[in-house]
1. Could you go through the range 223-234 in sequence order and give the Karplus-derived ³J(HN,Hα) for each residue, using 6.51 cos²θ - 1.76 cosθ + 1.60 with θ = phi - 60°, rounded to whole Hz, and x for Gly and Pro?
2. Dipole of the range 182-281 (Lys/Arg Cβ +1, Asp/Glu Cβ -1, origin at the Cα centre): which of VAL237, ILE186, VAL260 lies farthest to the positive side?
3. Just read off the accessible area of VAL271 with the full protein assembly in place, 1.4 Å probe, to the nearest 10 Å².
4. Before I look further, what does the range 132-281 give for accessible area per residue, probe 1.4 Å, in whole square angstrom?
5. From the square roots a ≥ b ≥ c of the eigenvalues of the alpha-carbon gyration tensor of the range 165-281, which class results: rounded (a/c under 1.5), prolate (a/b over b/c), or oblate?
6. Relative contact order of the range 142-281, please, whole-number percent, based on alpha carbon pairs below 8 angstrom and at least 6 residues apart.
7. Give me, ordered by chain and number, the residues 5 or more places off MET208 or on other chains with an amide H under 5 Å from its own placed amide H.
8. Using the Karplus equation 6.51 cos²θ - 1.76 cosθ + 1.60 (θ = phi - 60°), what ³J(HN,Hα) coupling, rounded to whole Hz, does each residue of the range 189-198 give in order, writing x for Gly and Pro?
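The values are calculated or read from the model by the stated rules, or taken from the named source; none is laboratory data. Note that the structure is a prediction, hence the values are computed from the model and not measured. No Cβ is skipped: glycine too gets one built from the backbone with ideal geometry, and neighbour counts run over all protein chains shown. Calculation scope for accessible area: heavy atoms of the full protein, side chains included, ligands and nucleic acids excluded. Shrake-Rupley method; radii C 1.70, N 1.55, O 1.52, S 1.80 Å.
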Amino acid sequence: MRNMALLSVCGWDGESTGQPGESNLCLFPNFTLGAPHLLPSANKLSSSHLRNTGPPPPEHGTTTLAFKYADGVAVATDSRSSAGNLVCSPDSRKAFLVHSHLLATTSGSSADCHFFRRALSRECRLYQVRNGYMPSVKGAAKMLSVLMMPFRGTDVCAAVTLCGWDRDGPCICYVYNDGTRLCSDILSVGSGSPFAYSIIDQGYKPGMKEEEARQLARRAVCHAGRRDAYSGGLVDVYWVREGGCEMDPREDLSQLYERVKEEEKKMIMTVCNSSPLLNSD
């Protein structure tokens, strides 16, 4: 009776022939995510098999971005968390420290993102204990990708951008919940990312100074929050440098947007007044 209870609750085989003291630990165990017949087969993982009939699920609203500048990586996020068409939190945090020189921005399901962020922090700490130093940013992205792969084809939704400084300097890597990895000098994720990219592509210059990077990051999140219904709230700007990660004071997105618009108007007026062609009769 006791063996049957253990078998039903824990999946333990009472007739196992394993010897006492044998280790059955696995670094990345196979997770059981419900009854097998409820999950799609490995050769049928298409969008039509991953959701029931009916309208598509609502967008997971967020705007996160990161780009390299002269002294490291500039990171900016909004703070609005939504559940369908409902704004459930106007001031959530979408960037978290994995360790002192690695910052992770998240997009997708908040619960899934927090789960993978904690799992990655644990693996980085274990790597440091074994090797005496933290993994590189690309190494941490590889770890996160391996952690996410068992959940491929499920309803897990998490997209993580790792922004860090390692022995090779600043680095930005993106990891999606199906295990996809990519690295770039500029990355924006979330429903507001197309609007953010339009501002970044217009004003980004390799090797730009910190104040230029600050203005560009603030403007990109402002415009994304103004045009994307799922983004908004507050603007958080972070800096990842050789000495570690820092954060600017939070700013209200609507108030910041008005200041940005005034600055843009003044800039346009200055250009118009200084142009001899526009001032000629």
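1. Going residue by residue, I get 5, 5, x, 6, 9, 10, 5, 8, 10, x, x, 10 Hz, with x marking Gly and Pro.
2. Toward the positive end, the furthest listed residue is VAL260.
3. 90
4. Working: 7670 Å² over 150 residues.
In whole numbers, the range 132-281 has 51 Å² accessible per residue.
5. Prolate is the answer for the range 165-281, as a/c is 1.5 or above and a/b outweighs b/c.
6. The normalised contact order for the range 142-281 reaches 16 percent.
7. HN-HN under 5 Å from MET208: ALA70.
8. The phi angles translate into 9, x, 5, x, 5, x, 6, 5, 4, 5 Hz.
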